[in-house]
1. Going through segment 27-59 one residue at a time, which ones are polar (S, T, N, Q), crowded, with 16+ Cβ neighbours inside 10 Å and out of contact with any helix residue (DSSP H, G or I) (no Cβ under 6 Å at 6 or more places or on another chain)?
2. Do you know which of the residues in segment 17-38 that are within 9 Å of the ligand (Cβ to nearest atom) and over 17 Å from Ala196 (Cβ atoms) is nearest to the chain's Cα centre (by Cα)?
3. Could you please give the count of residues in segment 178-216 that are outside any loop (DSSP other than H, G, I, E, B) and touching a Lys or Arg at 6+ places or on another chain (Cβ under 8 Å)?
4. If Ser94 passes every condition in (1) more than 8 Å from the ligand (Cβ to nearest atom); (2) within 14 Å of the chain's Cα centre (by Cα) but one, which one does it miss?
5. Sort out which residues of segment 167-203 are closer than 21 Å to Arg154 by Cα and buried (at least 17 other Cβ atoms within 10 Å of the Cβ), and write them in order of number.
6. Within segment 104-149, can you find the residues that are buried (at least 23 other Cβ atoms within 10 Å of the Cβ) and within 11 Å of the ligand (Cβ to nearest atom)?
7. Name the residues in segment 155-196 that are within 12 Å of the ligand (Cβ to nearest atom) and β-branched (Val, Ile, Thr), would you?
8. From Ser147, Ser176, which residue is more than 14 Å from the chain's Cα centre (by Cα) and either of a type in the set (A, V, I, L, M) or closer than 30 Å to Val218 by Cβ (or both)?
Amino acid sequence: MSFCIAIDGPAGAGKSTIARRLAGKMQLVYVDTGAMYRAMAYHLLLKGTDFDNQDEISRDCQDADISIVYENGEQIVLLNGENVNPYLRSEAVSEKASVSSTNGDVRKRLVLLQQKLAEHTDLVMDGRDIGTCVLPHAQLKIYLTASVHTRAMRRYLELKQKGVSCALDEIEQDISERDYRDMHREISPLKKADDAMELDTSDLTIDEVVTAVYRLAVQKREAL
Ligand code: DC
């Protein structure tokens, strides 16, 4: 059986940074499932799908062949054979991914792909439903949180550093809306698995979080 670590939590809690660093330290593969939902949203945007129409989303998601490969340890998402990584972080894709990821057919396709990846590979997988739905038997489950203000501030500073002008209150609003959608959708809503360790990262540095999670992961692996 493969050794799997599930990291879940809301947008901006630090999941991907922590998961990537942890995977590097433990020589595990890092799987960013959010990127798969983003690739699906990008596919639907290209097709001109009406995101208010669940039947259209269900129909149009069927011809998206999404897979992932690794180049120098970096995850590349292929959409119908094309590397779509450069298109996945735009605001439009972020917003639409939050909508199309509520669709049951989208989730069915992507969860299957994620479970297949974990069958024979030791990995760290991050997302919203990894501990509760995708990998319920993961050996370690972490639920990362941080206040809305902290997460908005992190995003604000990241955008400012890139030279993108933005307003903190708009980012806060956006994060609150996305949280609400992720936590209240009918299928696989974002929630802490009963056996997950919850870690509030609001007042912790990245190094502190990585160290804490690394310790837990090493203990789990040694106990196998
Ligand atoms: O983690 P992220 O921001 O890249 O995720 C993009 C969107 O996909 C986000 O709105 C939540 C959704 N998502 C999901 O529903 N389930 C996952 N396992 C991962 C992401």
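1. Within segment 27-59, Gln54 is the sole residue that qualifies.
2. We begin by selecting, within segment 17-38, every residue within 9 Å of the ligand (Cβ to nearest atom); these are 32-38.
Checking which are over 17 Å from Ala196 (Cβ atoms) leaves us with 32, 34-38.
Details: Asp32: 5, Gly34: 3, Ala35: 7, Met36: 8, Tyr37: 8, Arg38: 9 Å.
Out of the qualifying residues, it is Gly34.
3. Applying the first criterion (outside any loop (DSSP other than H, G, I, E, B)) to segment 178-216 yields 178-184, 197-200, 206-216.
If we keep only those that are touching a Lys or Arg at 6+ places or on another chain (Cβ under 8 Å) too, we end up with 182-183, 197-198, 206, 210, 214.
Residues flagged as outside any loop (DSSP other than H, G, I, E, B) and touching a Lys or Arg at 6+ places or on another chain (Cβ under 8 Å) within segment 178-216 amount to 7.
4. Only one criterion in (1) more than 8 Å from the ligand (Cβ to nearest atom); (2) within 14 Å of the chain's Cα centre (by Cα) is unmet by Ser94, namely (1).
5. Ile171, Glu172, Asp174, Ile175, Arg178, Asp179, Asp182, Leu190, Leu199, Thr201
6. Val106, Met125, Asp126, Gly127, Arg128, Asp129, Ile130, Gly131, Val134, Leu135
7. Across segment 155-196, the qualifying residues are Ile175, Ile187.
8. Details: Ser176 fails: either of a type in the set (A, V, I, L, M) or closer than 30 Å to Val218 by Cβ (or both).
Only one candidate qualifies: Ser147.
Each value in this text was obtained by applying a stated rule to the coordinates, not by laboratory testing. The model shown is predicted, which means the values in this text are computed figures rather than measured ones. As a convention, Cβ positions derive from the backbone with ideal geometry for all residues, glycine included, and neighbour counts pool all protein chains shown.
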